[in-house]
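Following this message is one structure expressed as C-alpha cells.
The values are calculated or read from the model by the stated rules, or taken from the named source; none is laboratory data. Given the structure is predicted, the values throughout are model-derived calculations rather than measurements. We place every Cβ from the backbone using ideal geometry, glycine too, and count neighbours over all the protein chains shown. Note: areas computed on protein heavy atoms with side chains; ligands, DNA, RNA excluded. Shrake-Rupley method; radii C 1.70, N 1.55, O 1.52, S 1.80 Å.
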Amino acid sequence: MTQPDISLGNWLRQRSFRTPNRRALTFEGQTWTYGQLQERVDRLAAAFKAGGVCRGDRVAFIGLNQPSFFETLFAASRVGAIFVPLNFRLTGPELDYIINDAGVHTIVADSPHRGVIDSIRAKLPCRRYLSADVDAEGWTSLAAFTGAQEPLSGAEPVGADEVAIIMYTSGTTGRPKGAMLTHGNLWWNNCMTLLTSDTLESDVTLVVAPLFHIGGLNVTTLTAFMKGAEVVLQRGFDPGRWIEDVVKYKVTTAFAVPAMLLAVSQHPAFASSDLSCMRMIICGGAPVPEPLLKLYAKRGLPINQGYGLTETAPMVTFLTSEWGEAKLGSAGRSGFFVDVALMDADGKFLKEPMARGEVVARGPNVMKGYWNKPEATAAAIDAAGWFHTGDVGYFDADGFLYICDRVKDMVITGGENVYPAEVEAVFYAHPAISEIAIIGQPDPKWGEAVVAVVVLKTGQKLTLEEMRAWGTERLARYKLPSRLEVIEAMPRNPAGKVLKFELRKRLVG
C-alpha cells in the first residue's frame, strides 16, 4: 500500500489547493492568502534546489517572528531538507556550538541578528548566508536569492520517519540538545490537537511566543495552517499589543506561557477591553498558578492547560474546557495516540492514584532522538519506547494528570519531598508577591533548606517572618521558606520558564 505524503511541505500545498483564497497569515497589517503563501514557499523552494540545497541538508533560521520563518520552514521541507530554528537570544559562542552541531548548510537571518552570525562566521560550516529582509555585505536577501524563480513544480518525496525539524532544547541545564522531530511526529501531534481542542477553520490564532520554541511553533500555529485557519503573527510578546490584536482581529485562540498571561492581566487595558471573542487560551511551559486561572475565569476567558515537551512535538496531555473548573490546575488527560504513565526511580510503574513519579510518554509524536547524541537518546528513550520527561506528576482518581515539578528541582529537606510548584502556587496568592520561585540550598542539618526568591508588586515590602506567618495555615511547616530573597526580575529562557539553575548559581552557589 502506498503511504500518504504527510510531510510538512505537503500540508500547506494541500491546504492552498483546497482554500487558496482563505486568509492564512497576517503580519503587521499585511495579509497573505493560502494561495499567496504557497507561491512564495514554492518559489523559495525552487531557489533552494537550484542553489544546491539537497535532501537531508540543514537549513537554519534566526530572527524574530516574521513570515519568512514559515516560508523557509515549508520551502526546506519541499526539497527534503531539515529545518533548524535558532534561538535568537543566544550569544555567538552558543550559536557556534548549535550551528556546527547541526552542520547547517544554509542560514537565513534577519537584520537584528546578522551581526551575531558574522561574529562567528569564520567558525561556521555554512555554505550560504541569506538575509530575511535586505541585502547586506556578505548576505543575499531572500528576495534577490529567489529572483524571478518559477515555483517548484514537484517536491522531493519525504517519508514520515525522516527528520523535518531539529529543534534545540532550551538548555536550562548544560548544552542544548537537538531534538529530531520527524514529519510523522508533527503530523500525529497535530492530528491529536485537531481531535482534542477542536480547531476550527474559522479560528484566528494569535502567535506571539517565539517560533523557534515548540510552544510558539506547534501548539496552535501549524495546526491552524493544517485546518485552514488564520494566523495573526507578532514579532514578539507585548501585553498591550496582545490585547489590541485580540480585539482588532477577533482572535479566538492563542498559546501563552503563564508569565505572558500574568503580564496581560496586569496591563491597564485588560479590565476595560472586550476579549469575549476568545474561546480558548492554551497555556503551557509551566503550571498555571490557581489565582491566575480564577482571574481569567472571572473574565469568561477559558484557560486550557496542556502539558508537553519539545521532544514530544509537543502534546502529552490536554485539559479541555469542559473540565476547566472541576480539574483546576490539572494538565488533563493524554492525547489520543499517546500513552502516559508514571515511573519510580527504579523504573517501576506507579498505578495508584496520587502516587508521585516521573512522567513518561510513548507514542508516534515522540522524537526520533537527539541529533548526534546516541547516548543522550538512549538515556531519554528506554528500550520499550518510553520517553522520560524529567517531570514529577501524579494522576488523580479520575486519571487526570497533575504536574508537580521537575525531578531536578525537587527540594528534599529532613527526608521530606518539597515540590516547588506546590509552594509557589500557594504564595502566588500573597498580596505582596508578583512572582515567586522556590529553590533549595544545602543545609548541614536538614540536607536542604527551602529558599523563596520573589519579585514584589510595586510599592510592597515583605519579610521572611511575615511570609512564613502567612503560609503557616496553608502549608506544612517543612515546606515553608527558611530564607527570602527579593529580586527585580526572574531570569527566564525564551519559553518563559524561570531559570532556576541561574537563581541557584546566583544565590546559593
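Considering only segment 394-466, give the strands (runs of 3 or more DSSP E) lying wholly within it that have at least 1 residues that are open to solvent by 30 Å² or more (accessible area, probe 1.4 Å), in contact (Cβ under 8 Å) with a residue 12 or more places away in the chain and farther than 18 Å from residue 484 by Cβ.
Once the strands (runs of 3 or more DSSP E) in segment 394-466 are filtered for at least 1 residues that are open to solvent by 30 Å² or more (accessible area, probe 1.4 Å), in contact (Cβ under 8 Å) with a residue 12 or more places away in the chain and farther than 18 Å from residue 484 by Cβ, what remains is 401-406, 411-413, 416-418, 447-456.
Here is a further query. Starting from segment 279-296, keep only residues that are touching a residue at least 40 places away in the same chain (Cβ under 8 Å) and closer than 18 Å to residue 405 by Cβ, then list their pairs with residues that are buried (at least 18 other Cβ atoms within 10 Å of the Cβ) and among the hydroxyl-bearing types (Ser, Thr, Tyr) whose Cβ atoms are within a distance under 6 Å, requiring at least 6 positions of separation or different chains.
Cβ pairs passing all conditions: 289/428.
Only one of these conditions is not met by residue 128: (1) open to solvent by 50 Å² or more (accessible area, probe 1.4 Å); (2) in contact (Cβ under 8 Å) with a residue 40 or more places away in the chain; (3) over 17 Å from residue 52 (Cβ atoms). Which number is it?
Against the list (1) open to solvent by 50 Å² or more (accessible area, probe 1.4 Å); (2) in contact (Cβ under 8 Å) with a residue 40 or more places away in the chain; (3) over 17 Å from residue 52 (Cβ atoms), residue 128 comes up short only on (3).
Give the residues of segment 228-254 that are without any contact (Cβ under 8 Å) to a residue 60 or more places away in the chain and in contact with an Asp or Glu (Cβ under 6 Å, 6 or more places away or on another chain), sorted by residue number.
Once the filter is applied, which keeps residues that are without any contact (Cβ under 8 Å) to a residue 60 or more places away in the chain and in contact with an Asp or Glu (Cβ under 6 Å, 6 or more places away or on another chain), segment 228-254 yields 229, 252, 253.
Could you please find all residues in segment 344-392 being free of Cβ contacts under 8 Å to residues at least 40 places away in the same chain and under 23 Å from residue 195 (Cα atoms)?
360, 362
Among what's in segment 198-215 and is in contact with a Ser or Thr (Cβ under 7 Å, 6 or more places away or on another chain) and at pLDDT 95 or above, pick the residue that is nearest to residue 27 (Cα to Cα).
207
Also, quick follow-up: Counting only residues that are open to solvent by 10 Å² or more (accessible area, probe 1.4 Å) and under 30 Å from residue 153 (Cβ atoms), give me the helices (runs of 4 or more DSSP H) lying completely in segment 59-120 with at least 1 of them.
67-78
Mind telling me which of the residues 302, 353, 374 ends up being open to solvent by 20 Å² or more (accessible area, probe 1.4 Å) and more than 30 Å from residue 212 (Cβ to Cβ)?
Numbers: 302 fails: more than 30 Å from residue 212 (Cβ to Cβ); 374 fails: more than 30 Å from residue 212 (Cβ to Cβ).
Residue meeting the stated conditions: 353.
So which pairs qualify, if the first residue must be in segment 328-343 and among the basic types (Lys, Arg), the second must be open to solvent by less than 60 Å² (accessible area, probe 1.4 Å), the Cβ gap must be under 8 Å, and the two must be at least 6 apart or on different chains?
Taking only residues 6 or more apart or on different chains, the pairs are 333/317; 333/318; 333/319; 333/399; 333/400; 333/401.
Mind checking whether some residue in segment 240-256 is over 26 Å from residue 19 (Cβ atoms), within 17 Å of the chain's Cα centre (by Cα) and buried (at least 24 other Cβ atoms within 10 Å of the Cβ)?
yes
Could you tell me which residue of segment 131-152 is farthest from residue 76 (Cα to Cα), considering only residues that are touching a residue at least 40 places away in the same chain (Cβ under 8 Å), of a type in the set (A, V, I, L, M, F, W, C) and not in a helix (DSSP H, G or I)?
Out of the qualifying residues, it is 132.
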